[in-house]
Each structure stands twice: as structure tokens, then as C-alpha cells.
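Shown next, in C-alpha cells, is the structure this report addresses.
Quick note: the coordinates plus some simple rules give every number you see, no bench work behind them. Given the structure is predicted, the values throughout are model-derived calculations rather than measurements. Virtual Cβ from ideal backbone geometry, glycine too; neighbours counted across all protein chains shown.
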Amino acid sequence: MSGGTLTLGAPSPVAPRVRRRFGRMLKGCAGVFLLLALWQISVPLVGLGPYFYPAPTDVGAAFVDLVEKGILPVYLVDSMARYTAGLGIGALLGVACGVLVGLNRRASLALSPLFKFLFAIVEVAWIPIFVVWFGYGPKTIVLALIYVVFFPVLYNTLLGVRTAPQVLVNAVRSLGASRLQVLRLVILPSALPGIITGLRVGAGFAFRGLVFAEIIAAKTGIGYLIFEGTQSQQTARTIVGMIVMGLLWLGIDQFYLRPVERATIERWGLTVDAEQRR
Amino acid sequence: MLRLPALATAVLVALTLAFVASGWQGERRKLAALLPLPPQGSYAVTLAFAPERFHQVQLQDKGRVVEVRGHTVYMKDVAPPALADIAREYWVTSIAAWSGT
């Protein structure tokens, strides 16, 4: 502003990006609203009771009821605590074993067949054994989640470690770096995109594993809500559980996994659709 | 670079703190008439709705559930820390001393 006249600055470059993002979000919401409208319209046409085919309004009422009664918050916190613990421990073990097997030939010879064998046994098959050993409750569920997360992280870390550029390893070694320094300065940074990919895959598997494990081995949690809803003929509660599960995954992916992936893999140009996904 | 995860975490932490703070406020309000608390007491815990299995299990962890009548759960052998936990639950409307018979 000068000499009493108002001068408008150039439009902020942020504005079109925000508008674009908002437009994309609106389009995404339109699909959801269309589905909800079709669902609501179909209820009287189908003519079944709320136990067989609850309307979206029934599901909304069940959601409010679950929140008012304090059930949903407790189940949500329990599920997320188990998920976070399983994901964290599984990822740590996966990275540690991946680095060990990737760098040590003897460890690779000794452990690779065992890992391949265990990888073939799905976590659902382990849950009954875990229940016998540790009883119903969080221990069993966290163990099952660790098992689910471990293998994708392990194999992706292994891949990352084995494809670390040898020329960089040699260069750092020739400068007198110790084995630990080679690991810290070359191998781990090279393996990071692999670790992140493994973590994202493992996080998705763990989310599905959480539902299975809670159905079998828990008395709280979103998986238990899904199961218990149908047992007590409250199908709307089951659908609330399913929707919460889906929304949780969207939130975790959107607010945590994708930004972390973008900050590592896409930032280094290792994916072709880096720009498209922005 | 990682603004979104930091922002999401900050929102989650803020919501958790607000939830915990409202629980403490509720605890003070619901227990004000009962102070000082005996080492083990009997109480009538009233909810805004008929308690479900979930609520009975939650309350059973804090003491001995003797009876459920309407919206009220009658409990014995409740220690002060357990009673504070019960009072912090937002689904608990009021807590009254009960003779235990």
C-alpha cells in the first residue's frame, strides 16, 4: 500500500493447490454420499428388518449410542494400543533381522529357510496356539501383529541392504570407516526406502490381522465389536465397527504412512508417480 | 516434510488431554458429596442408560458388583482410587453412598 492506493499482491501459489485438494476431497465425498443415499433408498425396497439390513440412519444411531455409552472410545483406544505395539515391535525386529541376514552370510544360511517356512504360515493359524500359551487378551493379539508385520519389513529391509551400492560401501571403507559406520552411513540410508515400503505393507497386513486376532482372542477392541455386534443381533454396531476400521486405516495412511513414504521414497525419486500423487 | 504427521499427533494429544481434563472435572464433581472416602466403601453408581455387559465388566474391575437395578449398579468393596476411576468415566452420571444391604 502506497500513496493512499491499495495494491493487490500476486495471488499466493498455495491457493490453487488448496483449491485443487479441496475439489478432490469434495469429489471423494460425493461418492460416499451417493453410496449412502442409494443404501438408504434401498432399505424399504429390500424390506428386511434392521437385523439383516440396517439403514444408514440405524448405523448412525448405533454410532452415537456406542459413543454415549463409552464403548467405542475404549474399544478404539484398546485396538490402537495393540496395533501400535505390534507394528512398532514387529518393525524393529524385522529391520534388525533384515540387516543381520543381509550382512551376515552365516546368519543368512541359518535363518533364511526358517523365515521362508514361517512366512508361509498365516498369523490366524498361530492365534489358537498363542491363546493356549498366553491366554485371551492383549499379549496374544500383539504377538500375532508382530508376526504379521515382521515378514514384510524383514524381506524389504533385506532387499534394501543387499542392493546398497557397493561403490559407496567401498568408498566409505577406503576412507577408514568402521563396520558400524558403513552400516550407519551407507547401508541403512540405502535400505530406508525398502524399510518404509515394508512398513507400509506390514501396517496394512497388521490392520487386517488386528480384526482377526480381536475376533478370536479379545473381549474389547474394534474387531471384537464387529464380531459381538452380530452375536447380539445388533448388526448396525457391526457396521459401525467396519466403518470405524476403514476410517482408521484412511487416517493412518493419510496422516502417517503416506507422508513418511513421501519424505523418503518419493523424495528420492524412487517411484514413478511421485508427482501425480502430490 | 513431516508436518502432517506432527500436526495429526498434536491434534490427537490435544484431544486426549481435553478428554483427561474433563474426566478429572467429572471426578471432582461426582465425588464432592462423598468426601472423605472410607478405605473400602459401598456405592450406588448411576448411569444415563441401562448398563450393558461392557459397563458391568468395567465396574467389576473396580470392586464387587452386587446388583443392577434399572440404571443403577450397586457395588461393594470399592477403594478410593477405584472410585476415582469410576467417577472419571463420562458415562457415569452420579455416585451415591450405599448402605450395602
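For this structure, a couple of remarks:
- Calculated SAXS-style log₁₀ I(q)/I(0) at q = 0.14, 0.22 Å⁻¹ - the stretch A:136-198, Debye, Cα scatterers: -0.51, -0.82
- Near B:Val66, the amide H atoms lying under 5 Å from its own belong to B:Tyr74, B:Met75, B:Lys76; only residues 5 or more places off or on other chains count, and H is placed 1.01 Å from N.
- Size of electric dipole in the stretch B:62-101: Cβ of Lys, Arg +1 and of Asp, Glu -1, about Cα centre, debye, nearest 20: 40
- Exposure proxy order (Cβ contacts within 10 Å, fewest to most) of A:Leu103, A:Leu38: A:Leu38, A:Leu103
- Globularity ratio of the stretch B:3-97, using Cα Rg and 2.2 N^0.38 Å: 1.25
- Our summary gives chain A a relative contact order of 22 percent, counting only alpha carbon pairs under 8 angstrom and 6 or more residues apart.
- Student exercise, the stretch A:41-163 dipole from Lys, Arg, Asp, Glu Cβ charges, in Debye to nearest 20: 800
- For A:Lys116, a cut-off of 27 angstrom between C-alpha atoms picks up these lysines, skipping any fewer than 8 places away in its own chain: A:Lys139.
- Helices of chain B meeting both criteria, an alpha-carbon length of 15 angstrom or more along the long axis and an average Kyte-Doolittle score not below -0.5, with helices taken as full DSSP H segments, are B:3-31.
- Here is how the number arises for chain A: DSSP H runs of 4 or more residues each give -39500 (n - 2.57), the sum is divided by the residue count, and the result at 222 nm is -25000 deg cm²/dmol.
- Partner aspartates and glutamates whose Cα lies under 12 Å from the Cα of A:Lys219, excluding those fewer than 8 positions away in the same chain, are identified as A:Asp78, A:Glu228.
- For chain A, the longest site-free run once chymotrypsin sites (Phe, Trp or Tyr not before Pro) in DSSP loop states with at most 14 other Cβ atoms within 10 Å are removed: A:137-267
- Length-normalised contact order for the stretch B:3-97 - Cα pairs under 8 Å, 6+ apart - percent: 37
- Amide H to amide H, with H built 1.01 Å from N, B:Trp98 comes under 5 Å of B:Ser42, B:Tyr43, B:Ala44, counting only residues 5 or more places away or on other chains.
- Dipole of the stretch A:117-243, positive direction: furthest Cα of A:Val167, A:Leu143, A:Leu225, with charges on the beta-carbon: A:Val167
- Toward the positive end of the charge dipole of the stretch A:82-220, with +1 on the Cβ of Lys and Arg and -1 on the Cβ of Asp and Glu, the farthest Cα among A:Gly209, A:Ile187, A:Tyr83 is that of A:Ile187.
- Within a Gaussian network of chain B (alpha carbon springs, distance under 10 Å), most fluctuating of B:Leu47, B:Leu35, B:Leu59: B:Leu35
- For the stretch A:82-220, the relative contact order is 37 percent, taking Cα pairs closer than 8 Å that sit 6 or more residues apart in sequence and dividing their mean separation by the residue count.
- Spherically averaged projected area of chain A from its Cα convex hull (nm²): 24.5
- Taking the Cα centre of the protein assembly as shown as origin and assigning +1 to Lys and Arg Cβ atoms and -1 to Asp and Glu Cβ atoms, the resulting dipole is close to 1340 debye.
- Taking 15 Å as the straight-line reach from the Cα of B:Lys30, the aspartates and glutamates in range (excluding those fewer than 8 positions away in the same chain) are B:Asp85, B:Glu89.
- Kyte-Doolittle at least -0.5, axis length at least 30 Å by Cα - qualifying DSSP helices, chain A: A:14-46, A:71-103, A:138-162, A:188-217
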